[in-house]
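Everything below concerns the one structure shown next.
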Amino acid sequence: MNIEVAEVRQTLEWLSSISDETGPGTTRLLYSPSWLTAQKALKEKFESLGMECRFDAVGNLFGTLVGSESPERKIATGSHVDTVVRGGKLDGQLGIFGGYLAVKHLLETCGRPKKSLEIISMAEEEGSRFPYVFWGSKNIFGLARPEDVTHLKDGQGVGFVDAMRGCGFDFGDGKVKDDLDAFIELHIEQGNFLEEENVTVGVVNSIVGQKRYNITLRGEANHAGTTLMRYRKDTVECLSRIVVHCLDKAKAAGDPLVLTFGKVVPKPNTVNVVPGETLFTMDCRHTDAAFLQAFTAELEADMKAIAAKAGIDIEIDNWMNEKPVSMDANVVSIIERVCRARQLNYKVMHSGAGHDSQIFAPRVPTGMIFVPSIKGISHNPAEDTKLEDLCEGIKALAYTLHELAY
Ligand code: HGY
Ligand code: MN
Ligand code: MN
């Protein structure tokens, strides 16, 4: 099978250029103008292959190449069309354009499949605009509830529902998709295991559990010049003590535990005012559910003690709690068998990033295929993968889809 480098480069540049910012990287947040442009452009691309296309109520895009013998049963691939702010050109996007190229190639070289092949461009996975993740895949399986999002606003105060309806979409009817016999997601590794071990294809067997928090510290805004140090209720000082304490604890816990304080918003964020309030986020992940639960419970207790000692109020909102998920053993073995048969240089590994596949896996036989990330960089405009590695990953996907659908 010959996936052309030139076609991969061209398709990659085309999709990743649809962004709400002109700077480096891609910024395509849920229900933003570029998000709508990308979904509509992908629909045209899928239709150019003769696929039947439809949007569901919330804006997930489904492109279906109808099968010749069992059209009602589907083998799906795909990923999320949204990105982080100034993200890379591959996270999520590879799973969509790579799926398109794999299906295009299978159609050209093997003709129509027996089961239908479906590419899903999921509306949202990152949680970058609103504090809610997997909005796309959770709606596919009836797991998303309107009450989870009706109160949410983005950083500019735009409401979730207004943004959704502004793109012509609305809440779904909760119907669960039940026509998939398998889902295979092609994705960048976003870490450096594959590169370090000089391996081209990752066959994912499990995805880490992850917990995300919004935490608010409330002290007292005051004059930077007249307020002596002993009278201050400085929330940035309290935040700093919390962050150093928790990161030291995370380092002591060792791999594969990871802990990130990715967003810090001091208020009033002014040079000559003691910050009276600070909002910050915490993201903690581990492959073991019990360890993750115990470790984060400890961190919550430690934060409360540090805040109490400083005479500062703390409010802890754990808005995401996803358990670790295993991929389907049979699907993993099929992908491995395909890699061996085609002499692809692969290894089995876990994923340190969350993916739509973790929502599919408990409901559909699911597998993931990784390609290496150069220097392990992701969620950054420098996110990149060698073109020849992208081709190998798309080939591994195409061969796997062929095993399952032809
Ligand atoms: O954060 C993650 O793990 C994923 O990239 N959304
Ligand atoms: Mn991501
Ligand atoms: Mn992703």
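The values are calculated or read from the model by the stated rules, or taken from the named source; none is laboratory data. Predicted model only: the values in this text are computed from it and were never measured. Here Cβ is always computed from backbone atoms with ideal geometry, including for glycine, and neighbour counts include all displayed protein chains. Areas reflect the complete protein model, heavy atoms only, side chains present, ligands, DNA and RNA absent. Shrake-Rupley method; radii C 1.70, N 1.55, O 1.52, S 1.80 Å.
Observations on the model:
- For region 392-399, backbone phi angles converted through the Karplus equation (6.51, -1.76, 1.60; θ = phi - 60°) give residue-by-residue couplings of 5, x, 5, 5, 4, 5, 4, 5 Hz, Gly and Pro being listed as x.
- The order of the peptides 177-184, 269-276 by mean Cβ neighbours within 10 Å, most packed first, is 177-184, 269-276.
- Projecting the Cα positions of Leu390, Phe280, Leu15 onto the charge dipole of the chain (unit charges on Cβ atoms of Lys, Arg, Asp and Glu, taken about the Cα centre) puts Phe280 furthest along the positive direction.
- Between Lys386 and Ala308, the simple label model (points 7 Å from Cα in the Cβ direction) yields a spacing of 5.5 nm.
- Separation of region 333-400 from region 108-178 is 23 Å, based on Cα centroids.
- Potential lengthening between Arg337 and Asn192 on full extension [0.36 nm per residue; Cα-Cα distance subtracted]: 49.8 nm
- For region 18-82 versus region 219-276, the gap between their alpha-carbon centres in whole angstrom: 41
- Based on C-alpha pairs under 8 angstrom that are at least 6 apart in sequence, the chain has a relative contact order of 23 percent.
- Accessible area per residue, Å², region 88-128 with all protein chains present, probe 1.4 Å: 21
- Taking each residue as 0.36 nm, the span from Val271 to Lys375 lengthens on full extension beyond its C-alpha to C-alpha distance by 33.8 nm.
- Furthest towards positive pole of dipole, Leu239, Met229, Ile316, structure part region 210-322, Cβ charges: Met229
- Glu220 versus Ala290: modelled label distance in nm, points set 7 Å from Cα along the beta carbon direction: 4.6
- Table column - 3J(HN,Hα) (Hz), region 85-96, Karplus curve with 6.51, -1.76, 1.60, x for Gly and Pro: 6, 6, x, x, 9, 10, 4, x, 4, 4, x, 8
- For Cys284, solvent-accessible area (1.4 Å; no DNA, RNA or ligand), Å²: 0
- Ranked by how many other beta carbons lie within 10 Å on average, peptides 256-265, 38-47, 71-80, 221-230 from highest: 71-80, 38-47, 256-265, 221-230
- The dipole here belongs to region 178-331: it is taken about the Cα centre, uses +1 on the Cβ of Lys and Arg and -1 on the Cβ of Asp and Glu, and is about 1260 debye.
- Percent of alpha-carbon pairs separated by more than 15 Å within region 132-187: 58
- Figure note: Glu52, Glu21, Glu185, Glu196 ranked by solvent-accessible area, largest first, 1.4 Å probe, ligands and nucleic acids not counted: Glu196, Glu52, Glu21, Glu185.
- Per-selection Kirkwood Rh - the chain (Cα, Å, 1 d.p.): 22.3
- Rolling a 1.4 angstrom probe over region 265-353 with all protein chains present gives an accessible area of which 51% lies on carbon and sulfur atoms.
- For region 296-306, Karplus couplings with θ = phi - 60° (6.51, -1.76, 1.60), whole Hz, Gly/Pro x: 5, 5, 4, 4, 4, 5, 4, 4, 4, 5, 5
- When the helices of the chain are scored as -39500 (n - 2.57) per DSSP H run of n ≥ 4 and the total is divided over every residue, the value at 222 nm lands at -11000 deg cm²/dmol.
- Sorting the segments 114-122, 355-363 by their residues' average number of neighbouring beta-carbon atoms within 10 angstrom, most packed first, yields 114-122, 355-363.
- Assigned charges on the beta-carbon of Lys, Arg, Asp, Glu; the chain dipole about Cα centre (debye): 380
- Distance (nanometres) between label positions extended 7 Å along Cα→Cβ at Val161 and Arg9: 4.9
- Along the axis of the charge dipole computed for the chain (Cβ charges of +1 for Lys and Arg, -1 for Asp and Glu, origin at the Cα centre), the listed residues Gly367, Leu94, Gly219 are led at the positive end by Gly219.
- Electrostatic dipole magnitude of region 1-56 [Cβ: Lys, Arg +1; Asp, Glu -1; Cα centre; debye, to 20]: 80
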